[in-house]
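In what follows, a single structure is set out as structure tokens and then discussed.
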Amino acid sequence: MIWVTWRQQRLEALIHGAILGLVGAIVLKTGLDMLSSFRHLGVAGCITAPVDDQRCGDILSVFHQRFDPLNTLFDAFELLPIALALLLAAPFVLDLEQGTYRLVWTQSITRRRWLLVRSGLLALAAILFSLAGSLLMTWWHGPLDRLSGATFADFSFDTQGIVPIGYTVFALALALAFGTLLRRAVPAMALTVVGFAAVRAGIEVVARPRYLAPIDKAWTSGPLPVGPHDWLLSKGEIYRNGLGQLFSWDQVDQLCGHPSMASNLSPAAAKDTYIACFNHYGLREIVRYQPADRYWLFQGMESVIFLGLAAGLFALTMWWVRNRVM
Amino acid sequence: MSAALHTNNLGKRYGHSWALRDCSLDLPPGRIAALVGPNGAGKSTLLQLAVGLATPSTGTISVFGASPRDQPLRVLPRIGFVAQDQPLYRRFSVADMLTLGRKLNARWDDRMARSRLERLNIPLDRLVGTLSGGQRSQVALVMALAKRPELLLLDEPVAALDPLARREFLQTLMEAAADGGLTVLLSSHIIADLERVCDYLIILSAARVQLAEELDRVVDTHKLLVGARRDPTAIAADHHVVQAVHTDRQTTLMVRTNGHIWDPSWEQHEVRLEEIILAYLSRSTASPPAGLGDLRKVRSL
């Protein structure tokens with residue numbers, strides 16, 4: 001069965017290997033360029049330089065001008081999981097659509113073994129390819145992350161570390177499940193794309209900021225009380241009074257009245273009243289964030305969620321293959 | 001259990017319509033059985049149930065005493081199956097197909113497969129997709145035979161072939177059957193082929209088994225009776241009337257006899273297999289068995 005799977009996928013596997021090799025070479029080349037620029041321009045010495053350091057400002061702007069466009073381009077690695085999954089799943093779904101699976105099902109092996117070996121090998125390929133992509137991206141972003149420390153930012157979190165593996169395995173399981181249920185390649189692939197995008201976006205927006213309770217810090221003025229690697233969730237949207245009670249922006253306006261609505265006062269007087277109200281209640285603006293040291297914990301939690309979903313989908317596929325197909 | 005294939009009240013429903021119903025059948029081992037019926041009569045369904053591709057909705061099916069669906073490893077190694085559209089991987093070479101067979105079957109006769117393909121002039125390095133329809137059918141048959149099956153199931157394997165390719169295909173089949181130890185169930189529309197190859201006949205029509213008997217006996221026991229117009233009730237008491245056709249003055253009956261017909265007012269004729277089969281198939285639309293009930297409803301074809 002291992003040989004049969006390889007023989008069925010080998011053309012696709014070689015094409016994907018070639019494409020990924022090419023992309024990998026480009027990432028490698030530009031990554032090496034960036035490292036050498038980083039060294040020659042002396043960027044490292046400017047990371048902690050004050051904002052008004054003229055020489056460092058020039059160096060940093062040269063460096064950013066050269067590599068920010070590439071950084072944006074490589075955000076496309078966000079699409080790697082779904083692309084890998086569709087390419088890997090396509091021969092499997094076509095096998096079902098064209099009815100050729102019946103050839104294997106009428107040899108001397110069970111459907112269970114057929115599905116286990118086939119999807120197992122596909123999952124292995126998905127893991128290896130996505131791991132390669134993630135390692136490349138993690139390495140490539142090294143110098144940029146030292147500068148801006150954006151590892152927790154959307155694209156950086158999604159294309160580095162271990163989550164790309166979870167995404168890819170999940171997308172693959174989704175494609176195999178839809179392919180088995182529908183046995184039509186085009187609708188199955190379309191639904192996979194839609195379903196993957198919905199789940200990914202849903203978990204990123206709804207679940208990820210809440211994996212652990214965020215940390216709130218009071219802030220009045222000056223630099224934000226968060227480090228460059230922390231993940232800032234909100235600022236200026238929540239307020240806290242002296243008793244530790246939280247207020248939304250609207251509630252604060254109800255409490256103190258917005259200065260622009262106080263029409264019977266001069267603007268300066270309205271502002272004074274407003275600030276007096278703030279001080280009276282002890283209101284402080286809250287900066288809400290996830291600290292940088294939770295990065296790997298969050299990566300792990302998100303991976304577990306996607307691998308769990310993939311396992312559920314695989315169980316459904318197995319049940320369907322054993323009980324429902326014909 | 002002695003039967004190669006045994007079914008009891010077997011039924012398969014797809015949605016609301018029955019593809020096969022109340023099918024009770026015993027296929028004795030060693031037979032080369034023809035499975036005949038109009039399109040949609042349930043032939044493919046029966047074969048798919050036998051190989052475990054489909055699950056019965058009602059009743060049971062067993063192959064050499066085991067359930068194809070629940071005990072696949074007791075059934076699959078003993079069955080060779082050639083599906084209607086002969087699913088083969090088009091991007092595989094013929095040699096790759098043999099490798100697939102070798103890898104997926106504990107019992108696999110690679111030497112036999114290679115020598116058969118060589119005799120058929122099918123090169124091993126050709127891609128399956130570039131073979132002619134006849135060659136593809138041959139590859140599918142050789143794949144099925146290389147499992148050294150005890151039961152070979154063929155679903156209209158020659159339907160799409162030209163006469164020469166059909167002949168070659170049946171030749172391969174007959175050679176294999178002559179080697180012994182093989183039971184064959186072959187569905188086809190081409191009655192002349194079946195007559196040449198088969199020794200057992202199963203007629204499936206309107207999702208039900210109409211007849212299952214040795215081919216020689218089928219031809220011996222069926223008679224065409226011609227006589228003055230009358231109600232066939234009397235003869236139906238002793239014999240089975242398959243089809244009744246009435247003109248103004250004459251009644252023609254296709255009868256499956258139970259022993260000799262003594263009534264001298266009937267003129268008896270031998271019938272050819274094709275006529276017998278057509279008579280059974282034409283009954284498929286008349287719901288009560290023909291010869292009984294309202295005769296005016298029985299129309300001639």
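The values are calculated or read from the model by the stated rules, or taken from the named source; none is laboratory data. In this text, all values refer to a predicted model and were calculated from it rather than measured experimentally. For neighbour counting, all protein chains shown are included, and Cβ atoms are generated from backbone atoms with ideal geometry for every residue, glycine included.
Could you check how many residues of segment A:10-54 are in a helix (DSSP H, G or I) and either farther than 29 Å from A:Leu73 by Cβ or among the acidic types (Asp, Glu) (or both)?
Here is the first cut: in segment A:10-54, the residues in a helix (DSSP H, G or I) are A:10-41, A:43-46, A:54.
Imposing the further condition that a residue be either farther than 29 Å from A:Leu73 by Cβ or among the acidic types (Asp, Glu) (or both) reduces the set to A:10, A:12, A:33, A:54.
Total satisfying the criteria: 4.
Taken residue by residue, segment B:206-215 has at least one member that is within 16 Å of B:Ala33 (Cα to Cα), in a strand (DSSP E or B), touching an Asp or Glu at 6+ places or on another chain (Cβ under 7 Å) and not assigned by TED's automatic domain parsing to the domain that holds B:Phe64. Per the listing A:Ser108, A:Ser130, the residue uniquely within 8 Å of chain B (Cβ to nearest Cβ), among the hydroxyl-bearing types (Ser, Thr, Tyr) and buried (at least 16 other Cβ atoms within 10 Å of the Cβ) is A:Ser108.
Go through segment B:4-30 and report how many residues are buried (at least 22 other Cβ atoms within 10 Å of the Cβ) and either free of Cβ contacts under 8 Å to residues at least 12 places away in the same chain or among the basic types (Lys, Arg) (or both). Even if it seems obvious, please write down each step before you answer.
Just the residues of segment B:4-30 that are buried (at least 22 other Cβ atoms within 10 Å of the Cβ), to begin with: B:4-5, B:7, B:10, B:12, B:20, B:23, B:27.
Next cut, either free of Cβ contacts under 8 Å to residues at least 12 places away in the same chain or among the basic types (Lys, Arg) (or both) only: B:12.
Here the count works out to 1.
Which of the residues that make up segment B:8-51 are under 22 Å from B:Arg78 (Cα atoms), small (Gly, Ala, Ser) and within 14 Å of chain A (Cβ to nearest Cβ)? Working first, answer last.
First, pick out the residues of segment B:8-51 that are under 22 Å from B:Arg78 (Cα atoms): B:8, B:10, B:24-35, B:43-51.
Add one more test, that the residue is small (Gly, Ala, Ser), and what stays is B:24, B:30, B:33-34, B:44, B:50.
Listed by number, the residues that qualify are B:Ser44, B:Ala50.
Among the residues here, B:Gly59 does not qualify as within 14 Å of another protein chain (Cβ to nearest Cβ), in a strand (DSSP E or B) and not aliphatic (A, V, I, L, M). For A:Leu103, the conditions (1) within 14 Å of another protein chain (Cβ to nearest Cβ); (2) farther than 30 Å from B:Phe81 by Cα are fulfilled apart from (2). Apart from one condition, A:Ala270 fits all of (1) among the hydrophobic types (A, V, I, L, M, F, W, C); (2) within 30 Å of A:Val206 (Cβ to Cβ); (3) without any contact (Cβ under 8 Å) to a residue 12 or more places away in the chain; the exception is (2). Residues in segment A:223-248 that are of a type in the set (A, V, I, L, M, F, W, C) and farther than 18 Å from A:Tyr289 by Cβ were compared, and the one that is surrounded by the most Cβ atoms within 10 Å (Cβ to Cβ) is A:Phe247.
Within segment B:154-165, which residues are over 11 Å from B:Gln138 (Cβ atoms) and part of a helix (DSSP H, G or I)? Those that are over 11 Å from B:Gln138 (Cβ atoms) and part of a helix (DSSP H, G or I): B:Pro163, B:Leu164.
Against the test of being more than 23 Å from A:Trp320 (Cβ to Cβ) and surrounded by 21 or more Cβ atoms within 10 Å (Cβ to Cβ), the options B:Ala54, B:Ala34 yield a single qualifying residue, B:Ala34.
Scan segment B:238-260 for residues that are buried (at least 16 other Cβ atoms within 10 Å of the Cβ) and assigned to a loop (DSSP other than H, G, I, E, B) and jot them down.
Of all residues in segment B:238-260, those buried (at least 16 other Cβ atoms within 10 Å of the Cβ) come to B:239-246, B:251-257.
Matches in segment B:238-260: B:His239, B:Thr257.
Within the option set A:Leu73, A:Leu20, A:Leu79, being under 30 Å from A:Val193 (Cα atoms), in contact (Cβ under 8 Å) with a residue 40 or more places away in the chain and under 21 Å from the mean Cα position of the chain (by Cα) holds for one residue only, A:Leu20. Just one of the listed residues (A:Gly142, A:Gly133, A:Gly179, A:Gly195) is more than 28 Å from A:Gln9 (Cβ to Cβ), assigned by TED's automatic domain parsing to the domain that holds A:Leu70 and over 11 Å from the mean Cα position of the chain (by Cα), namely A:Gly142. Taking residues in segment B:276-289 that are closer than 11 Å to B:Arg208 by Cβ, and partners anywhere that are at pLDDT below 75 and not acidic (Asp, Glu), the pairs with Cβ atoms closer than 6 Å and at least 6 places apart or on different chains are B:Arg283/B:Ala290. Selection over segment B:227-242 of residues that are under 11 Å from B:Val255 (Cβ atoms) and in contact with a strand residue (DSSP E or B) (Cβ under 8 Å, 6 or more places away or on another chain) gives a count of 6. The condition of being within 14 Å of chain B (Cβ to nearest Cβ) and more than 27 Å from the chain's Cα centre (by Cα) holds for only one of A:Arg10, A:Arg39, that being A:Arg10. Within segment A:226-250, the only residue that satisfies the criterion of being within 13 Å of A:Phe278 (Cα to Cα) and of a type in the set (D, E, K, R) is A:Arg240. Residues that are away from every other protein chain (no Cβ under 14 Å) and of a type in the set (Lys, Arg) were ranked within segment B:100-132; the one that is surrounded by the most Cβ atoms within 10 Å (Cβ to Cβ) is B:Arg116.
Select, from B:Gly30, B:Gly101, the only residue that is more than 14 Å from the chain's Cα centre (by Cα) and over 27 Å from B:Tyr280 (Cα atoms).
From the options B:Gly30, B:Gly101, the qualifying one is B:Gly101.
Regarding segment B:97-120, can at least one residue be identified that is under 20 Å from B:Leu35 (Cβ atoms) and of a type in the set (S, T, N, Q)? No, every residue in segment B:97-120 fails to be under 20 Å from B:Leu35 (Cβ atoms) and of a type in the set (S, T, N, Q).
So, in segment A:150-203, of the ones that are among the polar types (S, T, N, Q) and part of a helix (DSSP H, G or I), which residue ends up nearest to A:Trp319 (Cα to Cα)? Let's see the steps before the verdict.
The initial filter retains those residues of segment A:150-203 that are among the polar types (S, T, N, Q), namely A:151, A:156, A:159-160, A:168, A:180, A:192.
Add one more test, that the residue is part of a helix (DSSP H, G or I), and what stays is A:156, A:159, A:168, A:180, A:192.
On the way: A:Ser156: 37, A:Thr159: 32, A:Thr168: 22, A:Thr180: 10, A:Thr192: 19 Å.
This residue is A:Thr180.
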